[in-house]
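Derivation of every value follows stated rules applied to the coordinates shown; laboratory data play no part. None of the values given here were measured: they were computed from a predicted structure. Neighbour counts run over all protein chains shown; Cβ positions are idealised from the backbone, glycine included.
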Amino acid sequence: MGMMCNHASAQITGSIIEQKSKDALEYATATLYNQEGKVVTGVVTNQKGEFFIENIKSGNYYLEATFIGYQPKKVENIKVDKKNDYINLGTLSLAIASNQLDAVVLKGEAATVSHKIDRQVFETSKFQNSQGGSAVDVVKNLPSVTVNGDGAISVRGSNSFAVLLNGKPTQGDAASILAQLPANALEKVELITAPSAKYDPEGTAGILNIITKKGATNGDYAQVNVRGGFPPIQDYDTKEYPQRYGVDATYNTRTDKWNFSVGASYQRNDISGRREGGLDIVNADANTHRFLPSDGERSFDEVSYNGRFTVDYTPNDADEFSLGMYAGKRQKDRLADIFYDNYTVTPIGSENIENEFSYYNHNLRTRKGDFALASFDYAHAFTNKSKLSTSILYEYTFLGGPTENDNVSDIDYTKIYQQEKNTNDNPLNGIRFNLDYKWKPMSFGTLETGYQYRFLDHTGDFNYQRRNGDANGVVPPNYTQVPAFSSDIALKRIIHSAYVQLSGGKEKWDYAAGVRAESMDREYKEKLASEPNQNTYEYDYFKLFPSASLQYKVDEKTNIKAAYSKRVERTTTFKMNSFAEREHSEVYEQGDNKLKPEFIDLVELGINKKLKGGNNIYATAYFRHTKNVINRVNTLAYEEDANNPGNFVVNDSILNRVYSNVGKSNALGLEVGATIKPSKNWTNFIGANVYNYAIDGVLSFDHRDGNTRTYDIDSKSTIYSFNLNSTYNFWQNASIQFAFNYISDRNTAMGEDSRFYSPNLTFRKTFWDDNLTATLQWQNIDMGLLNSNEQRISAWRPNEFYTTTNYVYEVDMVSLNLTYTFNKLRNKSKFIESEFGKREF
């Protein structure tokens, strides 16, 4: 006890930044020495450049801040005693050691994943199979992240998550946002599964924060990426061969006060494939069983191009201004040309076949999007280390179609039974405003407060037109409107939110806690062309979204953490459009005008342990409860009887696909990951997720015959997925990488999605002092043996219907990506992205 009275257990904190840019230096080193010059301890900085040195005994010390390529900075005369047990050294600025940059080249290998109190940080350079692709190709390598055959991204089994770009909120559809970002421009991806209150609570599964590449020196930087796909290896009997090529370029120039970035991108990404399906509908009233087997092409043609620029102005050490603009176009054509064999068994269970009818359905769904947006940001740092930040963004997006749906003879395509087209125009305006204040550091931590305003105005004009042919296949010259499928809709949504957040650390503990208050007002209007009046539906709420995180450092190699977060998933306009659209020959698709947001509670407990030789392992157990679960479900389609107007009967060759709240769900799971290095040149990263998923509730749906019907939802399953990334480095500048992504069978509200997997192989080599990088990719390896890139989607209700479709996507795709970088250490480019429109694309 006497020895304990002779010293204090003190903490020394501070932050390390780059002198000119004022950017935080992550992974900089703060080393503490005693007066004899012996090392006492050392730590590295976090993403904000902050360092925390704990458990310091009383005495006199000095500290040295260092970072590769920078001049070290020393802080003398640090005195620790009982009265001085919390010492904040403030901000330490490091200057570039320009005289050393050309003398030596230091190479190191960053860890694939690092762990912080509220997030996992992944180095994108470790995922070579993503080069030349988009951010989607990067994130699908992360533990608990899966991408299915349609490109839908899920985190821990949920496709609802938010996307941040360099820490800034976005409101676009996650898959669309990530598909627009070139993988070559990414530096890190942060997975924040239990976000704090300072983040918008959008997203069931949390947040993906995409961090783009940046450097630290003045001067010019340029990078050009060129991608070309080899001719397809597998033949899917499609009308056109797929084309895959693209180019993106970035130029950045920086001075002491100005940072200017401009970029452009053009991408063509086609994927061939087929669709093999079947639909059975039981009509108990008519005592018939309809069978509708189908087979045909299902391919995608996608073109996107954009231009963007950002200019930053830093007139002094305290102020920073930033202006960004973005404009782009995207078009995605989904061609589903399907042969149908249509017949009825009457009565049910017999072998009596009637009404045999075969036809060919040409279905082309074109989705267009024009995006234009601008943002302005301002930040001011006060002398007491507090900081005020503000940001405003405006976006205009124009979305549209059309969808062509032609039924013709399967023998003579010129003989037309029915021609339809669904045109739609969807202009969207969105505004986001943020005001944040970070208080000066205090002994108990850092306090942050803020306010956010969001406004969305989205309208839609849906015009459904038809030409019916006669018995000889002759059609009239003009299309006529179908009032039952034509409508106008309008959504306005206003969100006010404010938060308070406290974070800090003491000795072996790190903590963060906060609460966000949110008020939402939503007004949705719709009018069917066949009805005289417009209907208005309003939905409002005021809710608190608390969050808390706690981390304990057991020792230098082991951390334990726990977290809680309350989230919300706000719905899109598309899922609220309650009027049916004819998306396929056998499908009506519609939403729910009274759709409620999902509300989510998440609890998780995790451990992370570093092992020898650069190895590490971590595990996180989690429980997620979701209220008002939104699912796409299937019901029987009721239509007016042509022979008895006013009477509605089951259409035994068409299903209704409906987006609706179906009840609640629970997910209980375990996520594990490991980095394993059997040798210096061989690194393996493995991530796996296993969870039990249960949906329980009731679907209540108003059919077109005016009756409301209810359907019980009760589905449970254990689901697992894993991602493997194995890299072997050879020669001095070459590597080969094998990646494998797998997800097991997955239950849905009324059926299941089959397993889906994709093997990929990448060879990478650099030339010309690492300025030129060539990446040869073999994606979706199959060779006619593996059934890769293939997924079956099924749904059913006993004694009503059974539908199944096997989607066969292109395999054995080979491409070459070339990247040339000028002054690669100098990139400070950063661009804004769509927040509102891409969510509806």
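Values as computed for the structure displayed
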| read-out | value |
| --- | --- |
| Simple Cβ-charge dipole of the chain, Lys/Arg +1 and Asp/Glu -1, about Cα centre, in debye nearest 20 | 4160 |
| Total formal charge among the other residues, if their Cβ is under 11 angstrom from that of Asn666, Lys/Arg +1 and Asp/Glu -1 | +2 |
| Extension gain from Thr710 to Trp731, taking 0.36 nm per residue of separation minus the Cα-Cα distance | 1.1 nm |
| Fraction of alpha-carbon pairs over 46 Å apart in the chain - percent | 28 |
| Subset of Lys421/Lys566; Lys73/Lys506; Lys440/Lys543; Lys239/Lys596; Lys368/Lys527; Lys188/Lys438 violating a 31 Å alpha-carbon distance limit | Lys421/Lys566; Lys239/Lys596 |
| The stretch 228-292: relative contact order as a whole-number percent, Cα under 8 Å and 6+ apart | 26 |
| In the stretch 18-79, the GluC sites (Glu not before Pro) that fall in loop regions by DSSP, at most 16 other Cβ within 10 Å | Glu36 |
| Local electrostatic count, Gly37, Cβ distance below 15 Å [Lys/Arg +1, Asp/Glu -1] | -1 |
| Length released on extending from Tyr396 to Asp341, taking residue separation times 0.36 nm less the Cα-Cα span | 15.3 nm |
| Ellipticity estimate at 222 nm from DSSP helix runs (n ≥ 4, -39,500 (n - 2.57)) divided over the chain, nearest 500 | -500 deg cm²/dmol |
| Within the stretch 507-551, trypsin sites (Lys or Arg not before Pro) in DSSP loop having at most 16 other beta-carbon neighbours inside 10 Å | Lys508 |
| Lysine pair count for the stretch 604-681 [Cα-Cα under 17 Å; pairs on different chains or 8 or more apart] | 6 |
| Under 5 Å, built H, 5+ apart or other chain: amide partners of Thr446 | Ser503, Gly504 |
| Average Cα contact separation per residue, the chain, under 8 Å, 6 or more apart, as relative contact order % | 12 |
| Qualifying GluC sites (Glu not before Pro) for the stretch 514-579 [loop in DSSP, other Cβ within 10 Å: at most 12] | Glu556 |
| Note, ³J(HN,Hα) from phi for the stretch 408-425, Karplus 6.51, -1.76, 1.60, rounded to Hz, x at Gly and Pro | 10, 5, 6, 9, 10, 5, 6, 8, 9, 8, 7, 10, 9, 8, 10, 9, 8, 10 |
| Placed amide H near Ala318: partners under 5 Å, 5+ positions off or other chain | none |
| Whole-number percent relative contact order across the stretch 630-724, with pairs defined as alpha carbons under 8 Å at least 6 apart | 25 |
